[in-house]
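Here's the structure, in structure tokens; my notes come after.
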Amino acid sequence: MKHFRVFWWLAVVLIFTVTPVLAMPDGWTNDKRLTSNSGQSLYPSVTCDLIGTTVYAAWMDDRNGYWEIYFCRSFDRGKTWSTDTNITNNAGASTSPYLTWQEPNILLLTWLDYRGGSGDIYGMQSMDDGSTWTDLSGNPGQTTNISNRGNPAVSFSRPRATMNPLGIHVVWADNSTGNSLIYYRNVAFPPTVCIKPDSISATLPAIACRNYSWPPHNNDLFIVWEEGSGPNSSIYFTPSQDAGLTRIDGNYNPGYDDISHKFGSSTARHPDVFVCGDTAAGVDVAFLDDRQGSDQVYWEAGRLNPTPTPISWDSGFMGMGAAPNTITTTAITPQWLSVSPRDGSHQSIIWQDNRDSNNEIYICEGMGGGAIMFTPPQRLTYDGADSILPAIISNDAFAASGPAEYHVVWSDNRDSNYEIYYKRSDIIGPDSIQDLAAVAGSHPGEVDLTWSAPDDNICVRAICYDIGHDADAIGSLFEYRTEAVKIPQNLTPQSPGQTENFTVTGLTPGNAYFFAVISVDEAGNSSTVSNSPSASACGTFTATPTYSHSPTITVTPSITPTGTITLTPTESGTYTSTPTITLTGTITLTPTESGTYTSTPTITQTGTVSLTTTESGTYTSTPTITQTGTVSLTPMESGTYTSTPTITQTGTITLTPTITSASPSSLAGAELKAYPNPGTKKITFSYYLEKPGRAVFNIYNMSGEKVVKLEESKNEYGTMVETIWNTTDLAAGIYIVKLQIIFKDGARRGFSTYRVAIVRE
């Protein structure tokens, strides 16, 4: 049986709540679940290759009753993921994994391991994207004990590692001497070094080095940690210019700096460090600080001036000597900072935050190189359970020669136990549709459209379409947004490459139109506008020849039912009853046609029918006989024709009509429309209202959470009415609309559901 340890840092976060809900922030994909098992999956780590094509994740998991390290990967930028694999299998708990990657293709995994009865830091590496693993000397299936402290050593806290051309560099906390201290090791050299032996209590170290593709190409290392406890805790910093052999302070003397107390007294904790690509920004440190009265997220920039000029610390846009930059002011119990550079002038800080009454993941991005300003925090998760322990990584925008992409993993207990979830930034829309084709439809006023479903690049497929038409060719997205008439539709895109079919209705028969389609992904990004083909709407021609007939037509109607018709709910009013009369006899047609025809006219009854009584009596009927045979029309036109001959009937027909009433509920439901759909800032609902009442719209996100309730009283009736929904405060995504009408007389009408999309321009 493996050892099970209850760590103080694990106890803090294991708070279970379950109310699954989902929404989506702008520019990010939907949450993707990576694990599915009955155990707890915690402390995920994420890394990626240089251009972000391959993404790797590792975490600790107790699905088998004890903690082990699991791993999975994606070869298509996070679209699809492999089945997870068990990396460790030993007699002690394996916890707190950390992944890092270095060119040409070295994947490093470090973790905290209790196989010897006390904690030590272990490591493995893979040269084939995690298919096989070796120890750090290249021995297949083996592990390397990096700390190798021996009993009764207790290494604890998540180890942090980085790689550069001079080796693998690892830091961790260790209390084997009775006091918590920070230790460092370059795996290429045997000695393990205590960074600050005089520390009263040190924990939560982090380490970073300059990316190989960012100038200058040197061996600088940067280490930060939390030291002290309570009001005395500080963030300490030390760089090394010789791959960790010696460490210096900001004046390039042997030692270290307290960077959090340089600009006022406070309690600072939980640091993380990263290095930006430009020399002006240098090294950056994020940490938690309570100088506002409660823990908030802060950031400090260290300018790497040439030796012997001291390292200068400032808050970017505030200038030299300013207090740390305040990233948040309203965070509640923020924890577990994780940082990642994106390129020389962008970096992101991510953390868990309890401001929403449960832990959710927040992020903000810094921009501007040496004068960095951070955007307001953006909420990344929207489920009613706790989202905790986030980790973030970005590919190298310089090496990728394109936009950098952030990859985020975290633990989430929306599934009644903690599982690993993933999402990624997405600022690229789906591929443009360039094979849109338009032809006249089969019925008057119709045009049939076809095109190939596009690839979204990030999310596999688009989530919805936006279709429009105009009198002129639509040549740009701006023209589409400002000039095209949007067509209501609820079409769900198919897999990339499959043929989409859509019939546009309600056009003026015979008129020519130009069409265009854009697609929208789950992050709210739009494609560029498609090609813009034209087509004329299907036309209609009516011919009305007059015929006389002889002899008198005898009809034998068969009408059912007789009696009272009861509708639920009961409605009174005027209805048109259309009984069918079957004609028997022979009709001789004059002029120019002779022969025997069997015709089946339809007789339309005129008059008012009350639905609460049995009706019988004499009605005047005007039968329409549809001739079978060929009708010659002038001029000669191709298309769909309706021949409506007039027949003079002799005699009186006594009918007991069949009364058929379409359900008012389904009729009204069919009239519910939304436009524009997708919409950007507002969406207008139109619907048929047969009598005064109150319209109640309940709007849900894709996980079933009600996000909006609209109510509006309407006095007009017997016509189409409108309700406007302001969508500016809602995240981009797909929403389900349900409408109910509550009439003033107490009757209620339920409408079918309708799907709408919100996009951001």
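What follows is calculated from the coordinates using simple rules that are stated; it is not laboratory data. Note that the structure is predicted; figures quoted are calculated from it, not measured. Quick reminder, even Gly has a Cβ in these numbers, built from the backbone with ideal geometry, and neighbours come from all protein chains shown.
Going by neighbour counts of Cβ atoms within 10 Å, the residues Met367, Met124 line up, fewest first, as Met367, Met124.
Placing a pseudo-label 7 Å from each Cα along the Cα-to-Cβ vector at Asp745 and Ser713 gives an inter-label distance of 1.9 nm. R0 = 25 Å: FRET efficiency of Asn511 with Ala437, Cβ-based, nearest 0.05? Efficiency at R0 = 25 Å is approximately 0.85. What number comes out for the charge environment of Ile474, summing +1 per Lys or Arg and -1 per Asp or Glu over other residues with Cβ under 13 Å away? Charge balance near Ile474 sits at -3. A simple count of charges around Tyr43, restricted to other residues whose Cβ falls under 11 Å of its Cβ and scoring Lys, Arg +1 and Asp, Glu -1, yields 0. Scoring 731-739, 673-681 by mean Cβ neighbours within 10 Å over their residues and listing the highest first yields 731-739, 673-681.
Can you tell me the length gained on complete extension of the stretch Asn89 to Thr330, counting 0.36 nm per residue apart and subtracting the Cα distance?
Stretched fully, the Asn89-Thr330 segment lengthens by 82.5 nm.
Mean projection of the Cα convex hull over all viewing directions, computed for region 670-758: 5.4 nm². Taking the number of Cβ atoms within 10 Å of each Cβ as an exposure proxy, the fewest-first ranking of Asp49, Asp289 is Asp49, Asp289.
Give, as a single signed number, the net charge of other residues whose beta carbon lies under 12 Å from the beta carbon of Val529, with Lys and Arg counted +1 and Asp and Glu -1. Residues near Val529 contribute -3 overall.
Set the bar at 22 Å for Cα to Cα. Now go through Lys709/Lys744; Lys681/Lys744; Lys486/Lys714; Lys79/Lys706 and name every pair that lies beyond it. Beyond 22 Å between Cα atoms: Lys681/Lys744; Lys486/Lys714; Lys79/Lys706. Going from the residue with the fewest nearby Cβ atoms within 10 Å to the one with the most, Ile427, Ile69, Ile724 rank Ile724, Ile427, Ile69.
Computed from the C-beta positions of Glu690 and Ile736 and an R0 of 22 Å, the FRET efficiency is 0.35 to the nearest 0.05. Averaged over residues, the count of other Cβ atoms within 10 Å places the peptides 353-361, 39-47, 131-139, 506-514 in the sequence 39-47, 353-361, 506-514, 131-139, highest first.
Where a ≥ b ≥ c are the square roots of the eigenvalues of the C-alpha gyration tensor, would you call region 392-508 rounded, which needs a/c under 1.5, or, failing that, prolate if a/b is larger than b/c, or oblate? Since a/c reaches 1.5 and a/b is larger than b/c, the shape of region 392-508 is classed as prolate.
Applying 1/(1 + (r/R0)^6) with r as the Cβ-Cβ distance of Arg755 and Asp135 and R0 = 45 angstrom yields a FRET efficiency of 0.25.
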